[in-house]
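Step one of this worksheet: look at the structure below.
The values are calculated or read from the model by the stated rules, or taken from the named source; none is laboratory data. Keep in mind the model is a prediction, meaning the values are calculated, not measured. With ideal geometry, Cβ positions are generated from the backbone for all residues, glycine too; neighbour counts draw on all protein chains shown. Calculation scope for accessible area: heavy atoms of the full protein, side chains included, ligands and nucleic acids excluded. Shrake-Rupley method; radii C 1.70, N 1.55, O 1.52, S 1.80 Å.
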Amino acid sequence: MAAAEPAVLALPNSGGVGAGAPSGTVPVLFCFSVFARPSSVPHGAGYELLIQKFLSLYGDQIDMHRKFVVQLFAEEWGQYVDLPKGFAVSERCKVRLVPLQIQLTTLGNLTPTSTVFFCCDMQERFRPAIKYFGDIISVGQRLLQGARILGIPVIVTEQYPKGLGSTVQEIDLTGVKLVLPKTKFSMVLPEVEAALAEIPGVRSVVLFGVETHVCIQQTALELVGRGVEVHIVADATSSRSMMDRMFALERLARTGIIVTTSEAVLLQLVADKDHPKFKEIQNLIKASAPESGLLSKV
């Protein structure tokens, strides 16, 4: 079979797999590790849709910092083969996701066209409880100014605003893409996923707010599980307890999430002193971000 041709190899007609699949879909057996789950995909689905299906079925078990290969069961060989180029599902088939032994290095490159800022729960009722809250408000506002200058979309959430209040007045929400209430700790709500799907080429999320060990941590882990690179801004995130904050950042860094600073993020996004917005970003960072008590607790 020519490599460029859409290809599919069918499973034996053993019955039961994908039974009752909706019209216009094809039954597929999705295998990962020791698991095998029957499901279905639209007729003509290719590699990207298969990966999405694997994530929906096994997302809590897949380490997105690993490299994977998708393989198809080949009747003629009696074993799995690497998915042919141009593969499209047209008949019932059996596929598996195989992790390679090589771990991918997270480089952490940021570009304005592939980045979204997430501002998490910077609300009034947290002011007296969160350590160094005034400092992270100041840095958060600087990040939002930078996002407006560089045309980077911003998504803001508010945890149970009826009880915890709205985003603090010092944070200027002019031009943000979304402001959403939530009760879930993670920011990865259906509306947020839909908004990300509307932004072409999103690769990285810059995440800041409160609390580091709860909403920030759970948001970061969910995003990484969906293949998004996450940058947590250490000087713009805090908790009620510095111990909780410190161990959360350590845990997240070990998973490959990038723990960084506001100035590093903004300068990485312009990348060159000849960038047309460099002077405006330079003006934002002329005064260093407050170090406060966060510095020794990262």
Does the range 30-50 contain any residue that is open to solvent by 40 Å² or more (accessible area, probe 1.4 Å), assigned to a loop (DSSP other than H, G, I, E, B) and at pLDDT below 90?
yes
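Can you find a residue in the range 276-284 that is within 26 Å of the chain's Cα centre (by Cα), within 30 Å of PRO200 (Cβ to Cβ) and not in a loop (DSSP other than H, G, I, E, B)?
yes
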Go through (1) within 30 Å of PRO276 (Cα to Cα); (2) open to solvent by 50 Å² or more (accessible area, probe 1.4 Å) and name the single condition PHE117 misses.
(2)
Can we say ALA287 is under 27 Å from GLU124 (Cβ atoms), outside any helix (DSSP H, G or I) and open to solvent by less than 60 Å² (accessible area, probe 1.4 Å)?
no
Go through the range 176-209 and give me each residue that's open to solvent by 80 Å² or more (accessible area, probe 1.4 Å) and closer than 19 Å to GLN141 by Cβ.
LYS177
Would you mind finding the one in VAL70, VAL41, VAL95, VAL34 that is over 30 Å from VAL210 (Cα atoms) and in contact (Cβ under 8 Å) with a residue 60 or more places away in the chain?
VAL95
Selection over the range 179-233 where residues are under 20 Å from GLY146 (Cα atoms), in a helix (DSSP H, G or I) and either more than 12 Å from the chain's Cα centre (by Cα) or assigned by the TED database to the domain that holds ILE51 (or both) yields a count of 0
I'm told PRO84 meets every condition in (1) buried (at least 22 other Cβ atoms within 10 Å of the Cβ); (2) part of a loop (DSSP other than H, G, I, E, B) except one. Can you identify the failing condition by its number?
(1)
